Amino acid sequence: MSYRTIEIHWMPRTASEWRTFGAACKEAARLWGDLVERHRRVRRRRLQWPSKGRWQQWAKGRYAGLSAQSTQQIIGEFCEAVHSTRQLRTKGHAEARYPWQKPRYRDVVYTNQDARLRAGRLTLPHGTSGRLCLPIPVPLPGRLMEVRLSLAAVRLVCEIPEVPTPQQCVIGVDLGGNTLLAATDGAKVLLVSGRAAKATIQYRNKRLASCSHAQSTKTKGARQWQRLQRRKARMLAKTHRRLRDLTHKATRKVAEAFPGATCYVGKPFNDAARHLRRRQAQQVSSACNARLIAQLDYKTCGAIAVDEHYTSQTCPVCGERNKGRRLYRCRTCGQTAPRDVIGSVNILHVGRHHVLVPGRSVPNAVQWVHPLKYPGPKPGSS
Ligand SMILES: [Zn+2]
């Protein structure tokens, strides 16, 4: 079974909707804050953190402004956060911090037992805070499992049955900056441009820096500070949407060019990013690699991460290592090809045989595509 999240824009309209929504979010934040406080006390006294079931017993009847299911879900999330922080700390990540913030508002979570979807309307109960009834304009792709309500967005998690797709070919995919995706099946290469994604990330970082700088000259919480905070949130939401759109379109191009393909994806190297200079490190780390791999995984027959060490430096023909810039040129045999082509050819080979051996050919058919451009008239322009 796999899960897919559908995000729907929603804002409270009437005064009573605002009241219910605000009360529920405040109650959820109160529950979270209480748990944070209790966790702090338990840790200070070096006691054992009680189990999730004990906390659910404890919360019974204390949070009347939330439904019982939502209370249990939030307790579950808190216990999970505590557990994962403990795991990280035992692995030596001392900087991992237990939940410590006490928010004023928090997202409310519902299970499919109390969130009811009937005739395109979703009903969400909140105990004494009242109920919310919101329209869901799109049909869901599967069974509703969980609902998450935050300001301006409702997220519906649906369970999707696994449909087996037969594998037709195997491709190697190299993730990069200027070329977002380079995919090859050994006969042809598809290069998807990453210039738009890179520009979006650079724009975001630049705007974020200027907003934060302007905020540093104001008093925290003042009206001008709040205005800047809103501007920052709007800009971040916009660039997030743009990047999501770009990655979806880029992975769709790969899935359409190689139907029924199993992808070997070069595992993005995190160690290498540390050794790079600051400007390059920003490009590597923010190239949304995890999202690309996840999207490739469900759009194709599955994505498998492989080690990509030296894959963009080794010549596939003679096996020599050369460092190149955008264009790869082998000093031994004279093989010339775009660097991302070399990388994807090598990743395909590493995925199939687990080693890099010389004596392979580099495909000549290279196709460049842009994620946002369609071949033919734009959709809806007819
Ligand atoms: Zn060579």
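Every number here is computed from the coordinates shown, using simple stated rules; none is lab data. What you are looking at is a predicted structure, and each value in this text was computed from that prediction instead of being measured. Don't worry about glycine lacking a Cβ; one is built from the backbone with ideal geometry, like all the others, and counts go over all protein chains shown.
Summary of values
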quantity: Beta bridges per DSSP with both ends in the chain, % antiparallel, nearest 5; calculated: 75
quantity: Euclidean distance between Cα centres, the range 127-176 to the range 1-78, Å; calculated: 22
quantity: Hits among aspartates and glutamates - C-alpha to C-alpha of LYS198 under 15 Å, sequence gap 8 or more where chains match; calculated: ASP245
quantity: For the chain, alpha-carbon Rg and Dmax in angstrom; calculated: 25.0, 76
quantity: Backbone N within the range 50-88 under 20 Å of label point (7 Å from TRP100 Cα along the Cβ vector); calculated: 78-88
quantity: C-alpha long axis of helix 15-44 to longest principal axis of the chain, angle in °; calculated: 80
quantity: Tensor-based shape of the range 118-170 (alpha-carbon gyration tensor, a/c under 1.5 rounded, otherwise prolate or oblate); calculated: prolate
quantity: Shape call, the range 137-207: gyration tensor on alpha carbons, a/c limit 1.5; calculated: oblate
quantity: Pairwise label distance in nanometres, LYS60 with ASP245, each label 7 Å out on the Cα-Cβ vector; calculated: 5.0
quantity: Set of aspartates and glutamates near LYS60 by C-alpha distance (under 17 Å), chain-local residues within fewer than 8 positions excluded; calculated: GLU27, ASP34, GLU77, ASP114
quantity: Calculated FRET efficiency for the pair ASN178/THR85, C-beta based, R₀ 45 Å, to 0.05; calculated: 0.75
quantity: Relative contact order of the chain, defined on C-alpha pairs under 8 angstrom at six or more residues apart (%); calculated: 16
quantity: Per-residue [θ]222 nm for the chain (sum of -39500 (n - 2.57) over DSSP H runs n ≥ 4, rounded to 500); calculated: -14000 deg cm²/dmol
quantity: Cα-based shape type of the range 97-241, given that a ≥ b ≥ c are square roots of the gyration tensor eigenvalues and the cut on a/c is 1.5; calculated: oblate
quantity: Fewest-first ranking of TRP55, TRP49, using other Cβ atoms within 10 Å as the exposure measure; calculated: TRP49, TRP55
quantity: Lysines with Cα under 16 Å of LYS102, excluding same-chain neighbours fewer than 8 positions away; calculated: LYS26
quantity: Sites VAL138 and ARG207 - FRET efficiency at Förster radius 30 Å, r taken between beta-carbons, to 0.05; calculated: 0.45
quantity: Relative pair counts by distance (%), Cα atoms of the range 285-350, 10 Å bins; calculated: 21, 43, 26, 10, 0
